[in-house]
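Undergrad: Please read through the structure below; I'll follow up with questions.
The values are calculated or read from the model by the stated rules, or taken from the named source; none is laboratory data. All values derive from a computational prediction rather than experimental measurement. Neighbour counts are summed over all protein chains in view; Cβ atoms, including those assigned to glycine, are modelled from backbone coordinates with ideal geometry.
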């Protein structure tokens, strides 16, 4: 019996059309959901159910956001200066954690004696929540960029080490044996087989590290800073300006989302060999 | 083969002495650093003395255990709430596409805001009592639960769901006896993350405003330049954090025994 390709193609077209329609439908539902959420918020505030001094309406927040782009009060910096100050702190801590943490984790995972030596030190430091370091670091180094970057470093360092360690430990023994059979030296196997096979795990670690870095930043800046988004939020609270606080939260959330999207595309680029089977 | 497998005695000595050496090195470094900079970092002995003093002269009329319990109580209350609401919401988002479209998009809007960034606004709204602290911890623990639960539910193999339908199961039966057990390891990963994230967030909340709790001890020591007290609190925090992690990994083996191999 000849295969009825025409019918099959028609069915496939139909299925694709339904799929597309579904996607549009659910996208519209999502957009409506957000719109209704904001609308209820607006109505609740404007109708006086909730005090506007406590929870400003979405439109007020948008106004404040636009106002902060060009104006310094009440925290003394325009929005962009705050954003850059925060990014500088977060990224310097984050990148130093990557530069130190990932090689350390890979190294520990590959050479057993390094593991025996470094692991106990690491396990002693690991359970201390990064926020608990703040007082010690402030006493040691003051409240400058270095101190804040060091706090961020602690939060980003741990997932970098753990994930690269686990990732390289999971390298398939078969691959290692094949390379040995072909006469590769241990170090050569390490960087030609071990590192690529650990890369997906390493990226997962970087993702966690980035999330940690960005959320700890707020804590670091709230306790001690003179510029930055966390500082802006904290100041907004002391001068009783909830709109400033919420603008700060929204900007922090948005930048966090953008950073994580950037990381995703970077990950896709570096792991493009993975999808080819 | 035999010769290769056997470690030489030198290697054996190295194998067992390296961890001891590492811990010894940390202690020596600590002692030396504190001896040279007593104001920056108290030595191990000073910390032990401070620990004894905490028990002799309780701070804020509460012993160290009392402070630890105050923090734990906040975390546990928030966790119980977050487990009920977060897992339920995660199941809804993962199971029903319409729910995913509507609730999921609102959730995605709120999700990227770090829990610590909620502290100022929550304090503005609810003051500095017990409820705002629990609420902050709730926000911090709620997010990983929803994400993990939803991911676990939506990753269930479609074949298993279809088999359930073939055998005439209704939606609720399929959800209860096929989907949720499959998603359990993922839900458990969410629980594990929620506990460690809750333990961190409660410290931040307490460091900003609290009378009791380990975070309050840290702030108190910091403001009074009593670094030994800070270290006592930090070490207690670390010990409780590791105990919680150990407890959870034991619990995971009990709840999803098929996962470990």
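Undergrad: One residue is enough: does the range B:199-221 have a residue meeting the conditions outside the structural domain of residue B:34 (by TED's automatic domain parsing) and surrounded by fewer than 16 Cβ atoms within 10 Å (Cβ to Cβ)?
TA: Within the range B:199-221, one or more residues are outside the structural domain of residue B:34 (by TED's automatic domain parsing) and surrounded by fewer than 16 Cβ atoms within 10 Å (Cβ to Cβ).
Undergrad: Just for the range B:110-134: of the residues that are surrounded by fewer than 17 Cβ atoms within 10 Å (Cβ to Cβ) and in a helix (DSSP H, G or I), which one is farthest from the other protein chains (Cβ to nearest Cβ)?
TA: In this case the residue turns out to be B:130.
Undergrad: Same structure, new question: Pick from the range A:83-129 the residues that are more than 18 Å from residue A:213 (Cβ to Cβ) and not in a helix (DSSP H, G or I): which of them is nearest to the other protein chains (Cβ to nearest Cβ)?
TA: A:127
Undergrad: For residue B:58, indicate whether it is at pLDDT below 85, within 8 Å of chain A (Cβ to nearest Cβ) and within 29 Å of the chain's Cα centre (by Cα).
TA: Considered against the rule, which asks whether it is at pLDDT below 85, within 8 Å of chain A (Cβ to nearest Cβ) and within 29 Å of the chain's Cα centre (by Cα), residue B:58 comes out as no.
Undergrad: Additional query: Which helices (runs of 4 or more DSSP H) does the range B:148-252 wholly contain that include 2 or more residues that are within 13 Å of chain A (Cβ to nearest Cβ) and under 20 Å from the mean Cα position of the chain (by Cα)?
TA: Result: B:180-208, B:214-223.
Undergrad: Give me the helices (runs of 4 or more DSSP H) completely within the range A:210-277, filtered to those with at least 1 residues that are closer than 18 Å to residue A:130 by Cβ, ordered by residue number.
TA: A:229-238, A:242-270
Undergrad: Now for a different question. Quick one: count up the residues across the range A:221-234 that are more than 9 Å from chain B (Cβ to nearest Cβ) and either more than 18 Å from residue A:56 (Cβ to Cβ) or more than 22 Å from the chain's Cα centre (by Cα) (or both).
TA: 7
Undergrad: Every residue in the range A:132-149 that is away from every other protein chain (no Cβ under 14 Å) and either surrounded by fewer than 22 Cβ atoms within 10 Å (Cβ to Cβ) or more than 19 Å from residue A:231 (Cα to Cα) (or both), please.
TA: Within the range A:132-149, A:144, A:145, A:146 meet the criteria.
Undergrad: Moving to a separate point now. Among (1) within 14 Å of another protein chain (Cβ to nearest Cβ); (2) under 13 Å from residue B:229 (Cα atoms); (3) modelled with pLDDT under 80, there is one condition residue B:37 misses while meeting the rest; what is its number?
TA: The number of the failed condition is (2).
Undergrad: Can I ask one more? Among (1) touching a residue at least 12 places away in the same chain (Cβ under 8 Å); (2) crowded, with 22+ Cβ neighbours inside 10 Å, there is one condition residue A:129 misses while meeting the rest; what is its number?
TA: Residue A:129 satisfies all of (1) touching a residue at least 12 places away in the same chain (Cβ under 8 Å); (2) crowded, with 22+ Cβ neighbours inside 10 Å except (1).
Undergrad: When you scan the range A:155-176, do you find a residue that is within 12 Å of chain B (Cβ to nearest Cβ), within 19 Å of the chain's Cα centre (by Cα) and under 30 Å from residue B:224 (Cβ atoms), even just one?
TA: Yes, there is a match, as at least one residue in the range A:155-176 is within 12 Å of chain B (Cβ to nearest Cβ), within 19 Å of the chain's Cα centre (by Cα) and under 30 Å from residue B:224 (Cβ atoms).
Undergrad: Given (1) part of a helix (DSSP H, G or I); (2) without any contact (Cβ under 8 Å) to a residue 60 or more places away in the chain; (3) away from chain B (no Cβ under 14 Å), identify the lone condition not met by residue A:184.
TA: Unmet condition: (1).
Undergrad: Let me ask something additional. Out of B:88, B:98, B:78, I need the residue that is farther than 26 Å from residue A:229 by Cα, crowded, with 24+ Cβ neighbours inside 10 Å and in the same structural domain as residue B:204 (by TED's automatic domain parsing). Which one?
TA: B:78
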